[in-house]
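K.L.:
Quick one: structure below, then a few questions.
The values are calculated or read from the model by the stated rules, or taken from the named source; none is laboratory data. Every value quoted in this text rests on a predicted model; they were computed, and no experiment measured them. With ideal geometry, Cβ positions are generated from the backbone for all residues, glycine too; neighbour counts draw on all protein chains shown. For accessibility, only protein heavy atoms count, side chains too; no ligands or nucleic acids. Shrake-Rupley method; radii C 1.70, N 1.55, O 1.52, S 1.80 Å.
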Amino acid sequence: MFKIGIGPSSSHTLGPWRAAQSFCAKLSRNGLLQSVRSVRVLLYGSLAKTGRGHGTDIAVQLGLCGEDPVHFAVDQIDARMRDIAQMKEIVLGGVHEVAFDPREDIEFLMTESLPFHPNALSFLATMQQGDDFSETYYSVGGGFVVQEGESLGGKQAVQLPFPVDKSSDLLHWCMKTGMAISEVVLENEHSWRPEAETREGLLKIWEVMRDCIYRGCHSSGILPGGLQVKRRAAELNNRLTEGRPYTNYEAWIAAIRMGGADFRYIIDWVSCFALAVNEENASFGRVVTAPTNGAAGVIPAVLHYYICFCDGKDPDRIIQFLLTAAEIGSIFKKGATISAAMGGCQAEIGVSSAMAAAALTECLGGTQKQALMAAEIAMEHHLGLTCDPIGGLVQVPCIERNTMGAIKAITASQLALQSTPDFAKVSLDAVIKTMWETAQDMSHKYKETADGGLAMHIPLSLSEC
Ligand code: SF4
């Protein structure tokens, strides 16, 4: 669920980047890389319609170069793109130069779509000798990629001690063992790697989220893409801290805690954290998919709220939060979707809000049933939320929408903590099923195509008046 990468979109940036890396790796494994003469990339469906705004063209070029989204220096992106465009060459897999003109060799097929999934892309390699080589991939949301012929669920070779497909399975294991949700997840994760590695990985993920919040709260200016959106997190941070400069994260967070617990003060900070992450995301900054890039601000904002205002400084609590959140996201992925191209924004902001709500509830001492109830409440009030990014950019409504997802998660958690889940009328599984049916009924205009909603009414470079 949590992948370190580069903004602005997990399905349109990180997924295509990973697909391009996989294509190069396959060429290499088959001993074909050095024989490639030129490469073309075809983008279909939603990747074609909103790919420019989401940086899909940039992502595939960096992936073809063999660069890794976890480590690639984000301040090098513009220079690398300029080099490729000027030289009309790309160094495939970082080792073999081939002819490549991005203007001609990346095709945005606006009217074509492949039946398996709306986010499809094909790579075609022309060889010096012999048959050409091609592969098709699908970016299915959250940075996950499947190759043509694979199932959406991917491969599940590992036998888990507590297999979970639905929230009822998760509750069953919790009731049977008495373990918290995070403990069940940690046991399952142990099937893949030692516990210490899981803990270390989760703290690394939090470190990237935390740095992203801090950077976003201290960066001003206009977001790229032509919509002329002004960054707001830094201004809000400045107002809340009354203009006092803090030279490092620790000093800054101590000052935030000292500011008190007034309702509006806390809400302003939660909004500020979410805005910060998503402004970084919109600027091609380093973020963590949670479960996607467009919704990357909700979970860090709620976790940072927990750390700042609920005494959640202990690293074990941060691990607990992320484990619980990840399991809820995984249940949504299995039972519905985390791809806006399949389910609209309910699949992004709605899912991230549900993940955060459950995690916060467990960390605040709620029962397993209350945590699942919180996830249910958070999603119930995102059902039907459409995806209509203006200009295909992950900026409006996306950035503000993360603040809404975070606030709803905190409210849902609080409501669940004050409720008796045995009296709840709607289960988490029922709301996931409803979300999936709503996704199937939703017009394609509202599934990351920028063909409907706000995207039709607000032109690029012009503000609404
Ligand atoms: S509207 Fe929602 S789903 Fe669509 S790009 Fe923005 S955040 Fe993602």
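K.L.:
Among the candidates Leu275, Leu303, single out the residue that is surrounded by 24 or more Cβ atoms within 10 Å (Cβ to Cβ) and in contact with an Asp or Glu (Cβ under 8 Å, 6 or more places away or on another chain).
P.N.:
Leu275
K.L.:
Of everything in region 231-277, what is farther than 16 Å from Pro300 by Cβ, touching a Phe, Trp or Tyr at 6+ places or on another chain (Cβ under 7 Å) and not small (Gly, Ala, Ser)? Give them in sequence order.
P.N.:
Leu240, Tyr246, listed by residue number.
K.L.:
If we keep just the residues of region 101-125 that are of a type in the set (Ser, Thr, Tyr) and open to solvent by 40 Å² or more (accessible area, probe 1.4 Å), which is farthest from Gly31 (Cα to Cα)?
P.N.:
It comes out as Thr111.
K.L.:
Got a number for residues in region 127-138 being surrounded by fewer than 16 Cβ atoms within 10 Å (Cβ to Cβ) and under 25 Å from Gly149 (Cα atoms)?
P.N.:
Adding up the residues that qualify gives 5.
K.L.:
Identify all residues within region 417-433 that are buried (at least 17 other Cβ atoms within 10 Å of the Cβ) and outside any loop (DSSP other than H, G, I, E, B); write none if there are none.
P.N.:
Answer for region 417-433, where residues must be buried (at least 17 other Cβ atoms within 10 Å of the Cβ) and outside any loop (DSSP other than H, G, I, E, B): Leu417, Pro421, Leu428, Asp429, Val431, Ile432.
K.L.:
Hand me the list of helices (runs of 4 or more DSSP H) wholly inside region 19-136 holding 1 or more residues that are at pLDDT 95 or above, within 30 Å of Lys204 (Cα to Cα) and not aliphatic (A, V, I, L, M).
P.N.:
Where helices (runs of 4 or more DSSP H) fall fully within region 19-136 and carry at least 1 residues being at pLDDT 95 or above, within 30 Å of Lys204 (Cα to Cα) and not aliphatic (A, V, I, L, M), they are 56-64, 77-87.
Residues checked against (1) part of a helix (DSSP H, G or I); (2) open to solvent by 10 Å² or more (accessible area, probe 1.4 Å):
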{"site": "Trp206", "(1), (2)": "yes, yes"}
{"site": "Ala234", "(1), (2)": "yes, yes"}
{"site": "Thr247", "(1), (2)": "no, yes"}
{"site": "Ala255", "(1), (2)": "yes, yes"}
{"site": "Ile266", "(1), (2)": "yes, yes"}
{"site": "Glu279", "(1), (2)": "yes, no"}
{"site": "Val287", "(1), (2)": "no, no"}
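K.L.:
Identify, from the list Ile319, Ile377, Ile328, the residue that is part of a helix (DSSP H, G or I), open to solvent by less than 10 Å² (accessible area, probe 1.4 Å) and farther than 30 Å from Gly53 by Cα.
P.N.:
Within the list Ile319, Ile377, Ile328, the selection yields Ile319.
K.L.:
May I pose another question? Yes or no: region 22-37 includes at least one residue that is crowded, with 24+ Cβ neighbours inside 10 Å and within 16 Å of the ligand (Cβ to nearest atom).
P.N.:
No; the residues of region 22-37 include none that is crowded, with 24+ Cβ neighbours inside 10 Å and within 16 Å of the ligand (Cβ to nearest atom).
K.L.:
Something else: Got a sec? Which of Ser191, Ser182, Ser167 is over 21 Å from Leu303 (Cα atoms) and either of a type in the set (Lys, Arg) or open to solvent by less than 20 Å² (accessible area, probe 1.4 Å) (or both)?
P.N.:
Ser167
K.L.:
For region 168-183, which positions are farther than 18 Å from Phe321 by Cβ and part of a helix (DSSP H, G or I)?
P.N.:
Within region 168-183, Ser168, Asp169, Leu171, His172, Trp173, Met175, Lys176, Thr177 qualify.
K.L.:
Go through (1) in contact with a Leu (Cβ under 8 Å, 6 or more places away or on another chain); (2) within 16 Å of the ligand (Cβ to nearest atom) one by one and return the number of the condition Pro300 breaks.
P.N.:
(1)
K.L.:
Scan region 73-84 for residues that are crowded, with 18+ Cβ neighbours inside 10 Å and in contact (Cβ under 8 Å) with a residue 24 or more places away in the chain and jot them down.
P.N.:
Result: Ile77, single match.
Conditions tested, residue by residue: (1) in a loop (DSSP other than H, G, I, E, B); (2) within 15 Å of the ligand (Cβ to nearest atom); (3) over 29 Å from Pro8 (Cβ atoms); (4) modelled with pLDDT under 95.
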{"position": "Ala356", "(1), (2), (3), (4)": "no, yes, no, no"}
{"position": "Ala359", "(1), (2), (3), (4)": "no, no, no, no"}
{"position": "Glu362", "(1), (2), (3), (4)": "no, no, yes, no"}
{"position": "Gln370", "(1), (2), (3), (4)": "no, no, yes, no"}
{"position": "Gly391", "(1), (2), (3), (4)": "no, yes, no, yes"}
{"position": "Glu400", "(1), (2), (3), (4)": "no, yes, no, no"}
{"position": "Ile407", "(1), (2), (3), (4)": "no, no, no, no"}
{"position": "Ile410", "(1), (2), (3), (4)": "no, no, no, no"}
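K.L.:
For region 380-388, does any single residue satisfy the condition of being under 18 Å from Val229 (Cα atoms), within 16 Å of the ligand (Cβ to nearest atom), outside any helix (DSSP H, G or I) and among the acidic types (Asp, Glu)?
P.N.:
Within region 380-388, one or more residues are under 18 Å from Val229 (Cα atoms), within 16 Å of the ligand (Cβ to nearest atom), outside any helix (DSSP H, G or I) and among the acidic types (Asp, Glu).
K.L.:
Continuing with this model, one more query. Among the candidates Leu372, Leu383, Leu393, Leu454, single out the residue that is touching an Asp or Glu at 6+ places or on another chain (Cβ under 7 Å) and hydrophobic (A, V, I, L, M, F, W, C).
P.N.:
Leu454
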